[in-house]
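Rule-based calculations on the coordinates, nothing more; no lab input. Note that the coordinates shown come from a computational prediction; the quantities given were computed from them, not determined experimentally. Glycine also receives a Cβ, built like all others from the backbone with ideal geometry; neighbour counts cover every protein chain displayed.
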Amino acid sequence: MLGICEIGTYISHNKISNFDKKEQFEINDIFIKEKIGFQSLSKSLDDEKTSTMCLKAFEKIKNKIDLTTIDCLVLISQNPDVKIPHTSAILHKELNLSSNCACFDIGLGCSGYVYGLSIILSFMQNNGLRNGLLFTCDPYRKIIDNNDKNTSLLFGDGASVSYISKDYKYKAKSFKFGTNGSKYENIFCEKDTLFMNGRGVFDFSATTIPKHILDFLEEEKISIDNIDRFILHQGSKYIIDTIRQRLKIDKEKIPFKANLYGNTVSSSIPILLEDEFQSKECYNNILISGFGTGLSWASAILQRKNNAN
């Protein structure tokens, strides 16, 4: 049985203050703190690429991993270093991994970590692989129009890496997925500029995701009260608050912690999970849920090792 052993993350120290944009977008402190929830946004440096940021995330856990044993590397990103080849091959080179290591990219956004976790676990288990690295990174700041209120106030740059092996802290008990391709234009990038229909994305998040989570729990015959933590994609504070209210769960169970770095797309869930893994609290059951670009959504239930069946 394979699961998540360690998580390393990287958030750029280069920050953009949303308070500096109040006059430009005619917004106030309450809107920044209570609606979007992002007081500042991390921005990758000019010389930082997707692979660069992934390697910086790996630095946090490198002393816990024997790279000679890595036989699988997967990268979740919609913003690769180059069009060809796949950026996971660049990471393979920089980490000096074995030629027997499988490497591939997955082009998903906000739902990407959950999809990626399912894919790497299944791929490794079906092919007898033992030690894997799941990277996420989407530096959206590089494709944002700073004059677009719908995007420039939300997105920050970050990266993560999850070490997958048998000596896990949490295993994935089950997954559930969804897609609505008819709404793909709600989050859309053409000619290197990101467009987002803010109202459309909020309506999707506020209606589809609560029902999806409740259906998932019902299918798995798990009471919502038995989930210790809900780690949701940090789309905005208002989205998290709305989902929490519709699920009727305590605020303490569904954290919003991205206020100082922003919506980091596929990295938002693992960035929060890193804190959960280091917490002194014993969370037996964690539900993770990513949703956005596609429109795409995915959830998983993670169980702590000594509680997993």
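The equivalent ellipsoid of the stretch 190-309 has semi-axes of 25, 17, 13 Å, largest first, where each one is the square root of 5 times an eigenvalue of the Cα gyration tensor. In a fully extended conformation the segment linking Asp225 and Leu260 would gain 9.6 nm over its present Cα-Cα distance, using 0.36 nm per residue.
Straight Cα distances below 16 angstrom link Lys21 to the lysines Lys33, Lys35, Lys43, Lys149, with same-chain residues fewer than 8 positions distant left out. Here's the list of lysines a cross-link from Lys49 could span, going by alpha-carbon distance under 24 Å and ignoring same-chain residues fewer than 8 apart: Lys15, Lys60, Lys62, Lys83, Lys93, Lys142, Lys191.
For the stretch 3-168, report the translational diffusion coefficient in µm²/s to the nearest whole number, using Stokes-Einstein at 4 °C, 1.567 mPa s, and a Kirkwood Rh over Cα pairs. Result for D is 77 µm²/s. The charge dipole of the chain, taken about the Cα centre with unit charges on the Cβ atoms of Lys, Arg (+1) and Asp, Glu (-1), comes to about 520 debye, rounded to the nearest 20. Counting only Cβ charges, +1 for Lys and Arg and -1 for Asp and Glu, the dipole size of the stretch 3-168 around its Cα centre is about 200 debye. DSSP assigns beta bridges within the chain; of those with both partners inside it, close to 70 percent run antiparallel.
Rg ratio for the chain: its Cα radius of gyration over 2.2 N^0.38 Å, N being its residue count, equals 0.95. Kindly list the residues of the stretch 181-217 that lie in the label zone of Lys173, defined by a backbone N under 18 Å from the point 7 Å along the Cα-to-C-beta vector. Once the point is set 7 Å along Cα→Cβ of Lys173, 212-217 turn out to lie under 18 Å by backbone N, inside the stretch 181-217. Among the trypsin sites (Lys or Arg not before Pro) in the stretch 248-309, those placed in a DSSP loop whose Cβ has at most 13 other Cβ atoms within 10 Å are Lys248, Lys280. Across every direction, the projection of the convex hull enclosing the Cα atoms of the stretch 29-114 has a mean area of 7.7 nm². The GNM of the chain, with springs linking C-alpha atoms under 10 angstrom apart, assigns the highest mean-square fluctuation among Phe277, Phe291, Phe25 to Phe25.
Taking every alpha-carbon pair under 8 Å whose residues sit at least 6 apart, the stretch 148-272 reaches a relative contact order of 36 percent. Dipole orientation for the chain: of the candidates Leu129, Phe19, Asn180, Leu129 has the Cα lying most toward the positive pole (charges on Cβ; Lys, Arg +1; Asp, Glu -1). Rounded to the nearest 5, the antiparallel percentage of DSSP beta bridges internal to the stretch 3-168 is 65%. Only aspartates and glutamates eight or more places from Lys248 in sequence, or on another chain, were considered; those with a Cα closer than 12 Å are Asp225.
The Cα center of the stretch 28-53 and the Cα center of the stretch 79-134 differ in position by 26 Å.
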